[in-house]
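Report on one structure; see the data block that follows.
The values are calculated or read from the model by the stated rules, or taken from the named source; none is laboratory data. From a predicted model like this one, the values you see are computed outputs, not experimental measurements. Backbone-built Cβ (ideal geometry, glycine too); neighbour counts: all protein chains shown.
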Amino acid sequence: MTDNLYKTPEAELTRKPVYLSKPRDLEFFDVMFSFHGRLNRKQFWFVHGFYLVIQIIALVDIFLFIGIFILFQWPLMASQVKRWHDIGKSGWNCLIWFVPFVGLIMTLFEAGLSKGHLLRNQYGSSLYRAE
């Protein structure tokens with residue numbers, strides 16, 4: 001017999017959510033060019049780490065460095081917007097990236113280290129839960 005006498009039989013039939021052992025992966029073009037959806041920390045750091053390595057290699061020539069900086073602005077903004085969405089914040093927060101020094105630090109700490117929402121939010125379904 002159950003402890004709660006007022007519990008309906010249907011209450012015991014509710015399913016518990018199933019969490020994925022690893023988050024869903026997105027397609028390359030979705031990660032790099034789309035501003036919709038959500039992005040987990042691993043994917044965020046992959047995009048920004050790849051950019052950092054390319055920029056270090058491009059330090060040999062200032063024109064190459066500037067060209068790669070301009071070329072990568074769209075994918076970096078797309079990954080940041082999706083990462084802010086995963087945290088549950090507006091994608092407009094990625095504009096803080098353009099504030100010298102402080103913006104870079106805030107973006108990397110807030111977007112790079114904050115855990116994403118485990119449930120569906122206003123920006124899309126969860127990357128961590130089977131829905």
Original post:
What about V53, is it assigned to a helix (DSSP H, G or I), surrounded by 17 or more Cβ atoms within 10 Å (Cβ to Cβ) and not polar (S, T, N, Q)?
Top reply: no
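When you check D61 against the structure, is it charged (D, E, K, R), farther than 20 Å from Q80 by Cβ and at pLDDT 65 or above, yes or no? Step through it out loud before you land on a result.
Details: charged (D, E, K, R): yes; farther than 20 Å from Q80 by Cβ: yes; at pLDDT 65 or above: yes.
Yes.
Can you tell me which residue among F29, F46 is at pLDDT below 80, aromatic (F, W, Y), within 26 Å of R120 (Cβ to Cβ) and not in a loop (DSSP other than H, G, I, E, B)?
Details: F46 fails: at pLDDT below 80.
Unique residue meeting the criteria: F29.
Suppose we filter S126, S79 for residues that are outside any helix (DSSP H, G or I), surrounded by 17 or more Cβ atoms within 10 Å (Cβ to Cβ) and of a type in the set (S, T, Y); which single one remains?
Details: S79 fails: outside any helix (DSSP H, G or I).
Only one candidate qualifies: S126.
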Original post:
Can you name the condition, by its number, that F109 falls short on among (1) of a type outside the set (A, V, I, L, M); (2) more than 21 Å from S34 (Cα to Cα); (3) in contact (Cβ under 8 Å) with a residue 60 or more places away in the chain?
Top reply: (3)
**OP:** Select from region 87-115 the residues that are touching a helix residue (DSSP H, G or I) at 6+ places or on another chain (Cβ under 8 Å) and charged (D, E, K, R) and list them in ascending order.
**Re:** E110, K115
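In this structure, is L118 assigned to a loop (DSSP other than H, G, I, E, B), among the aliphatic types (A, V, I, L, M) and farther than 21 Å from F33 by Cα?
Taking the combined requirement at face value, the residue satisfies it.
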Subject >> R24 within 12 Å of the chain's Cα centre (by Cα), closer than 24 Å to Y123 by Cβ and at pLDDT 85 or above >> reply: no
Subject >> Some residue of region 48-68 being of a type in the set (F, W, Y) and within 12 Å of the chain's Cα centre (by Cα) >> reply: no
Subject >> Residue match in region 97-114 (condition: in a loop (DSSP other than H, G, I, E, B), of a type in the set (S, T, Y) and at pLDDT 85 or above) >> reply: yes
